[in-house]
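Notes for the one structure printed next.
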Amino acid sequence: MGSFNPASIIAVTAAVAFVAGPAAAHARLLSATPAPNATVATTRTVSLTFSERTVPAFSGFDVINAAGEKVAVRISVAEDGKTLTGTLAGPLAVGAYRVDWRIASSDGHRMTGSYTFSVR
Ligand SMILES: [Cu+2]
């Protein structure tokens, strides 16, 4: 117990996080704009908010039009790691869209999901 050992503290923290993991840090989609199943005026941004911090390197989404084509989108992650905002090159055309999302939460769990919305 004499010398301070950062590695052992990290190991203990990791073990506690592992035990507490599934209930404590499993991310799920809380809300999105446009909302799932919504019909909205055109928009240039799509944002998704998750219940836990996501790992940016493994998190993102695609916006797919009715023809099955991906719409170019530039994604940024909020400082709290929970909200992913995609900025489109221009306003979305009228039509139906699907958002396919994939995230990793800080406990290492990966999740995917999808929802649709329409632009009128
Ligand atoms: Cu989890």
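Quick notes
- Put simply, when 29-40, 64-75 are sorted by average Cβ atoms within 10 angstrom per residue, most first, you get 29-40, 64-75.
- Sorted fewest first by neighbouring Cβ atoms within 10 angstrom, Phe117, Phe58 come out as Phe58, Phe117.
- Förster radius 25 Å - calculated FRET efficiency between Thr42 and Met111 (Cβ-Cβ, nearest 0.05): 0.30
- Segment Asp62-Ala93, extension gain: residue separation times 0.36 nm, minus the distance between their alpha carbons: 9.6 nm
- Three-way shape call for the stretch 27-119 based on the alpha-carbon gyration tensor, with the a/c threshold at 1.5: prolate
- Residue list for the stretch 43-83, given a label point 7 angstrom along the Cα-to-Cβ vector of Ser31 and an amide N cut-off under 13 Å: 47-51, 83
- In sequence order, the stretch 53-59 has phi-based couplings of 4, 9, 9, x, 4, 10, 10 Hz under the Karplus curve 6.51 cos²θ - 1.76 cosθ + 1.60, θ = phi - 60°, and Gly or Pro positions carry x.
Since every read-out is calculated from the coordinates, none of them should be taken as a lab result. Model, not experiment: these values are computed from the prediction. In this analysis, Cβ positions are derived from the backbone assuming ideal geometry, glycine residues included, and neighbour counts consider all displayed protein chains.
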